[in-house]
1. Checking Ile56 against (1) farther than 17 Å from Cys2 by Cα; (2) at pLDDT 95 or above, only one condition comes out false. Which one?
2. Output the residue which, of all residues in segment 1-20 that are in a strand (DSSP E or B) and hydrophobic (A, V, I, L, M, F, W, C), is surrounded by the fewest Cβ atoms within 10 Å (Cβ to Cβ).
3. I need a count of the residues in segment 6-31 that are over 16 Å from Thr58 (Cα atoms) and touching a strand residue (DSSP E or B) at 6+ places or on another chain (Cβ under 6 Å).
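The values are calculated or read from the model by the stated rules, or taken from the named source; none is laboratory data. Quantities reported herein were computed from a predicted structural model and do not represent experimental measurements. When we count neighbours, we look across all protein chains shown, and the Cβ atoms used for this are built from the backbone with ideal geometry, even at glycine.
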Amino acid sequence: MCLAIPGRIDHVEEADDPLFRQARVAFGGVTRTVSLACTPEAGPGDYVLVHAGIAIATLDEAAAERTLAALREIPGHDPSAPEAP
C-alpha cells in the first residue's frame, strides 16, 4: 500500500526545465524538498500530496486538513513529528 501525505509549499525553486522544479514543503514541524515535476501548477501556499519525494497532486486546504486530522486518529501516529534519522 502506498501513502501520500499532504503538505504546504513554503518556497519554490524554479529551474530552466520544469521537470527539475522543486519546492520546500512543510509537513507539520518537518520541511522537505520535493519534486514538482507532476504538479507544474503548484506554487507557494498551495497544498500538495507527496509520495516518495514527488508532489503527485494539488489539493485545497480543507482537504489537506481533513487528511491530516484522519492521520492524527491513528494510534501512536503524529504527522507533525519529525522523522527519525
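1. Only one criterion in (1) farther than 17 Å from Cys2 by Cα; (2) at pLDDT 95 or above is unmet by Ile56, namely (1).
2. Going through the qualifying residues, I end up with Val12.
3. 2
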